[in-house]
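Since every read-out is calculated from the coordinates, none of them should be taken as a lab result. All values derive from a computational prediction rather than experimental measurement. Note that each Cβ is placed from the backbone with ideal geometry, even for glycine, and that neighbours are counted across all protein chains shown.
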Amino acid sequence: MTSAEARRRAYLKALEIDVYTMRGHGLPDGSQDSTDADPSDSGAPDWGELRQQVAACTRCVLHRTRTQTVFGVGNQLADWMIIGEAPGAEEDRRGEPFVGRAGKLLDEMLRAVNLSRDSVFIANILKCRPPNNRDPANDEATSCRSHLDRQIELVSPKIILAVGRIAAQRLLNTDAPLGNLRGQKHQLGTGRIPVIVTYHPAYLLRSPTQKRKAWQDLCLARQVMEELRE
C-alpha cells in the first residue's frame, strides 16, 4: 500500500466510512506536477501578466485593507480546479488560499480521491480578504470575476469543485441554497465545464457530521472524471 493510499484510508476511517478500492486510483487523474513547471511551457504565457494584474488590482475597496492579494496555487495544467470563497486572515498573511486547519482538511479531502494540493489548482472567488471574514459584497465579487474567469480559461480544467455556498452561488450565478446545488453535475460557460458543489472545509470543521455528505460529493466528482475519461 502506498503512503497516499494509507492516508486516504485513514481519512475515510476518521469519517467512519467503509474503505474500498476506487477504480483507476493509480495516478491523480493524469494531472502533472507543477512544482518545477515553466509557464512558458504550459501553453499559457500570460500567467505572469495576470498575476501582476491581480497584485496591483484596485477595482474594489478591499485593496485598502488587504495585506496582499491571494492569487491561487497549484498545477497550471490541472484537471481539477478547486474554487473557494475568499481569503481569510491567515491566507491574507501568507498569500496562499486554504491554509490553516481548513486547508489541512481540504488536503485530506483531496487525498481521499488520490489527489494532492500540487496536482490541482486552487483559487477563490475573491483575491482579497473581506474585513472580519464577512461575505463578499456583490460589487466585490463582480469586480474580481474577470480574474477568476481568466484563471479558469488558462487552466482549462476538466472539472471544477466549488467549495462552499458562496463560491457555488457566485460561480453558477444562482441564489439556490447549497443543499439544492449538491448531488448533481452543473456546467459552466460555453465550454460546459462540469461543476460539483460541496461544503467548505471550515464548515465541516464546525459541523463534522456533514463530512459524510462531503465524501459523497467527492465520489460524484470522481465519477464525473471517470466518465470523461471513458
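Okay, here's what the table says:
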{"quantity": "Criterion: assigned to a loop (DSSP other than H, G, I, E, B), within 20 Å of residue 156 (Cα to Cα) and under 16 Å from the mean Cα position of the chain (by Cα) - qualifying residue of 97, 87", "calculated": "97"}
{"quantity": "Residue that is nearest to residue 112 (Cα to Cα), among those in the range 181-223 that are within 16 Å of the chain's Cα centre (by Cα) and β-branched (Val, Ile, Thr)", "calculated": "198"}
{"quantity": "Yes/no for residue 157 being in contact with a Lys or Arg (Cβ under 7 Å, 6 or more places away or on another chain), touching a residue at least 40 places away in the same chain (Cβ under 8 Å) and not hydrophobic (A, V, I, L, M, F, W, C)", "calculated": "no"}
{"quantity": "Check on residue 107, in a helix (DSSP H, G or I), touching a Phe, Trp or Tyr at 6+ places or on another chain (Cβ under 9 Å), surrounded by fewer than 20 Cβ atoms within 10 Å (Cβ to Cβ) and among the charged types (D, E, K, R)", "calculated": "yes"}
{"quantity": "Those residues of the range 76-114 which are farther than 29 Å from residue 46 by Cβ and polar (S, T, N, Q), in sequence order", "calculated": "114"}
{"quantity": "Selection status of residue 120, buried (at least 24 other Cβ atoms within 10 Å of the Cβ) and out of contact with any Pro (no Cβ under 6 Å at 6 or more places or on another chain)", "calculated": "yes"}
{"quantity": "Residues (touching a residue at least 12 places away in the same chain (Cβ under 8 Å), out of contact with any Ser or Thr (no Cβ under 8 Å at 6 or more places or on another chain) and of a type in the set (Lys, Arg)) located in the range 46-93", "calculated": "51, 66"}
